[in-house]
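**Q** Dumping the structure here so I can ask a few things about it.
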Amino acid sequence: MKMIIYSIAICFEFCSSVFGDMKLFELDSIEYTDWKGGKCNITHQPIYTISNTTKVENLFIAGLGTNRITAQCGLYSLANETQIYPMKNKYGDNKSETSGSVWYYTLSDQGVTIIEFQNNYKMVKIYNLGMVPYTYFGNVKKVRN
């Protein structure tokens, strides 16, 4: 019995080191930035469908902690199985020097999509800098690590 438990523990450690962490985020609001009166005002509003009901987009991230991180979401730039790449800073990692956020990006035919993870991967912001710019904001729902 000890051997079976030991084998399962070794298998779990191997799988987590190969496949990395997986997280599911719920994107439930859009971030608006308004520069009225020379002051930056940031507000979050729910995401609405055409029929005026609130909507949640799920963002699934797999492979955190590995060299092949994949992001999948209903947003156009992340609709297919898409590898995301770290945005390296002058120190060679993808952490922000001031905020502690971790940054990734992906390219599509629509432009660049930037993903910012905040608070140790508890919150996420997706910035689409393509033809239709937007910023989605959400929180982690499930974690497997």
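The values are calculated or read from the model by the stated rules, or taken from the named source; none is laboratory data. Model, not experiment: these values are computed from the prediction. Glycine gets a Cβ as well: all are built from the backbone with ideal geometry, and neighbour counts include every protein chain shown.
**Q** If the Cβ limit is 9 Å and pairs must be 6+ apart or interchain, which residue in the stretch 116-129 that is among the aromatic types (Phe, Trp, Tyr) pairs with which residue that is outside any strand (DSSP E or B)?
**A** As it stands, the answer is Phe117/Ser101; Tyr127/Pro133, since those pairs meet every condition given.
**Q** Another question, if that's okay. Considering only residues of the stretch 6-30 that are modelled with pLDDT of 85 or more and of a type in the set (D, E, K, R), which is farthest from Phe117 (Cα to Cα)?
**A** Asp28
**Q** Same structure, new question: Being more than 18 Å from Gly63 (Cα to Cα) and either among the aliphatic types (A, V, I, L, M) or modelled with pLDDT of 75 or more (or both) narrows it down to one residue among Val140, Val112; which is it?
**A** The unique qualifying residue is Val112.
**Q** Within the bounds of the stretch 102-109, is there any residue that is under 14 Å from Val140 (Cα atoms) and loosely packed, with under 14 Cβ neighbours inside 10 Å?
**A** No - not one qualifying residue is present in the stretch 102-109.
**Q** So is Gln83 at pLDDT 85 or above, among the polar types (S, T, N, Q) and surrounded by 14 or more Cβ atoms within 10 Å (Cβ to Cβ) or not?
**A** No, not satisfied.
**Q** With respect to Lys2, is the statement that it is of a type in the set (D, E, K, R), farther than 27 Å from Val140 by Cβ and at pLDDT below 80 true?
**A** Considered against the rule, which asks whether it is of a type in the set (D, E, K, R), farther than 27 Å from Val140 by Cβ and at pLDDT below 80, Lys2 comes out as yes.
**Q** Pairs needed: first member in the stretch 58-79, free of Cβ contacts under 8 Å to residues at least 24 places away in the same chain; second member anywhere, of a type in the set (Gly, Ala, Ser); C-beta distance under 7 Å; at least 6 residues apart or different chains.
**A** Matching pairs, first to second residue: Thr70/Ala62; Thr70/Gly63.
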